[in-house]
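Notes to accompany the following structure.
The values are calculated or read from the model by the stated rules, or taken from the named source; none is laboratory data. Quantities reported herein were computed from a predicted structural model and do not represent experimental measurements. Note: ideal-geometry Cβ built from the backbone for every residue, glycine included; neighbour counts use all protein chains shown. Note: accessible area is taken over every heavy atom of the protein model, side chains too, but ligands, DNA and RNA are not part of it. Shrake-Rupley method; radii C 1.70, N 1.55, O 1.52, S 1.80 Å.
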Amino acid sequence: MNIVSYIKSYIPFYRRNLKIAVPVMFAQIGHASVMLADTIMVGHLGTVELASVSFGSSVFMIGFLFALGLSIGATPLIGKEYAAGGHKRSAVIFQNSILFDVVVSFFLGAFMWVVSCYMDCMGQPEEVWPLAQRYFRISVCSLPFVLLFQSFRQFMEGIGNTKYAMVITLVGNVLNIFLNWVMIFGKFGCPMFGVAGAAYATLISRLFMSIAFILLFFVKKPLVRYFYFFGKKSFSKKEIKGLAYMGIPIGSQMLLETLGMSLSSIMVGWFGAVALASHQIAMNLSSLTFMISGGLASATTIRVSHQIGKKDFHSMRKAGIASTHLSLLFSFICAVVLFVFRSQIASFFTIDPAVLQLSSLLIAIVALYQFGDGYQVVSIGALRGLSDVYAPMVVAIVCYLIVNLSFAYVLAVICGWGVVGVWVAFMIELYLAALLLGIRFYHKTRQYR
């Protein structure tokens, strides 16, 4: 088969994957845009304020993404049942996922609050950590609303509908950015909260998003019918264990990835406020491009789980491979834009010459690792659709912790590369993870005949 025939054979799979992925991508880009808005607005307060958001958000993201990972476990379970016609079973999993996610949010939030008491012991500049601590604690208060929203979002993704989550997320993001402007700078008679204003804006928008999703289910008749299957008898330890069995490895994989980056961010803090501020700019741009591939990964989980439910194993494999093709295309576009316009992009965030110069260099590194980042996250999405959640966790331990932190310390501290060494280590870990996860998906799908 020549290359033209090969590509033509995948065109129907590109279309189906993109139909699901595009709304998720827009929602994810919207979420990343809020982070960018936070960074841009706080950056205009000063380098110390930007550094404090960098530190506070880096620590917060450890627990935050672990919580999101726990909730994602519901999607492949619901997807398989829905594709096989099991609407009642889908509703039962949905009901138990709400209980599971909300309980997790309170326990995890309490633990994270305790962690905040020790932020002064993490080697950060004296002027940075008090602002970061306040930002972190306000963000922790939003966890229950985030996970309630996630329960509804993961159910909708499980049944193949990604549009409603996109609309609610985008509206919530617009509200968040507006409230950022009002609360950070003290507009319309609001007190000028500064760094804390960014966290308050996020808290309010997340509350809005969770309420909006609940109301949506009561307004839409095709959705409210799932509530009819809810009941006391539907609460089940077996279902909770099933969600935990899927969610804990996913959450652990996301935790380890974020933990590696957050520990690296703490390492960056050893090099001062300019390094932290530059790191935050590069991290936000990396998150933005990651969200595009992350949306594609979510669609891949849905498509693969649905084909498994239908026992169409040939289409299941092609759906996963089609997403890897798309991820490489998106990664190429992102890499070119970031590399060519790195200096102009950095200038949106700060006017500090030192931060401008260093962040431009870090953005170039972000451009170079786009292919590895996109490929590894889409491979993870495909493996989740197969309910293969433990292998990515093992890869996370090896790549995101052992490889990343080892190379980061050697390059940044021993070789004296500073924050640049930390970002080169990110690049090494992502390409290694992409290789290992790609091999895993190839061998795993060959087992289905």
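Screening Tyr375 with (1) under 19 Å from the mean Cα position of the chain (by Cα); (2) among the hydroxyl-bearing types (Ser, Thr, Tyr); (3) modelled with pLDDT of 90 or more; (4) under 30 Å from Gly46 (Cα atoms) gives one miss only, at (4).
Do you know which residues across the range 101-116 are among the aromatic types (Phe, Trp, Tyr) and closer than 9 Å to Leu143 by Cα? Before the answer, list the steps.
Residues of the range 101-116 that are among the aromatic types (Phe, Trp, Tyr), as a first pass: 106-107, 111, 113.
Phe106 - this is the single residue of the range 101-116 that is among the aromatic types (Phe, Trp, Tyr) and closer than 9 Å to Leu143 by Cα.
Could you tell me whether any residue of the range 252-265 is modelled with pLDDT of 85 or more and in contact with a Gly (Cβ under 8 Å, 6 or more places away or on another chain)? No, there is no match, as no residue in the range 252-265 is modelled with pLDDT of 85 or more and in contact with a Gly (Cβ under 8 Å, 6 or more places away or on another chain).
In the range 184-214, the residue that is most open to solvent (accessible area, probe 1.4 Å) out of those that are part of a loop (DSSP other than H, G, I, E, B) and not charged (D, E, K, R) is Phe188.
Tally the residues that are modelled with pLDDT under 80, part of a helix (DSSP H, G or I) and either closer than 18 Å to Tyr245 by Cα or open to solvent by less than 50 Å² (accessible area, probe 1.4 Å) (or both), restricting the search to the range 82-111. Outline the logic, then answer.
Within the range 82-111, the subset modelled with pLDDT under 80 is 82-87.
Narrowing the set further to residues that are part of a helix (DSSP H, G or I) leaves 82-83, 87.
Filter once more, so that each one left must be either closer than 18 Å to Tyr245 by Cα or open to solvent by less than 50 Å² (accessible area, probe 1.4 Å) (or both): 83.
Number of matching residues: 1.
Pairs linking a residue in the range 316-338 that is touching a residue at least 12 places away in the same chain (Cβ under 8 Å) to a residue that is among the charged types (D, E, K, R) and open to solvent by less than 50 Å² (accessible area, probe 1.4 Å), with Cβ atoms under 6 Å and 6 or more positions apart or on different chains, are Ala319/Arg303.
Go through the range 112-147 and count every residue that is within 30 Å of Ala91 (Cα to Cα), open to solvent by less than 40 Å² (accessible area, probe 1.4 Å) and part of a helix (DSSP H, G or I). Lay out the reasoning, then the answer.
Taking the range 112-147 and keeping what is within 30 Å of Ala91 (Cα to Cα), we get 140-147.
With the extra rule that they be open to solvent by less than 40 Å² (accessible area, probe 1.4 Å), the set shrinks to 140, 142-144, 146-147.
The next check asks that each one be part of a helix (DSSP H, G or I); those that pass are 140, 143-144, 146-147.
Of the residues in that region, 5 qualify.
Cβ-Cβ contacts under 8 Å between residues 6 or more apart (or on different chains), taken from a first residue in the range 421-449 that is of a type in the set (Lys, Arg) and open to solvent by 10 Å² or more (accessible area, probe 1.4 Å) to a second residue that is outside any helix (DSSP H, G or I) and at pLDDT below 90, are listed as Arg440/Asp388; Lys444/Leu386; Lys444/Asp388. Is there any pair with a first residue in the range 111-126 that is in contact (Cβ under 8 Å) with a residue 12 or more places away in the chain and a second that is assigned to a loop (DSSP other than H, G, I, E, B) whose Cβ atoms are under 8 Å apart and which are 6 or more apart or on different chains, and what are they? Pairs that qualify, where the first residue is in contact (Cβ under 8 Å) with a residue 12 or more places away in the chain and the partner is assigned to a loop (DSSP other than H, G, I, E, B), are Gly123/Trp270; Pro125/Gly272. Taking (1) closer than 20 Å to Gln253 by Cα; (2) touching a Ser or Thr at 6+ places or on another chain (Cβ under 7 Å); (3) buried (at least 23 other Cβ atoms within 10 Å of the Cβ) in turn, Leu383 satisfies each apart from (2). In the range 27-49, of all residues being of a type in the set (Gly, Ala, Ser) and at pLDDT 70 or above, the one that is surrounded by the most Cβ atoms within 10 Å (Cβ to Cβ) corresponds to Ala27.
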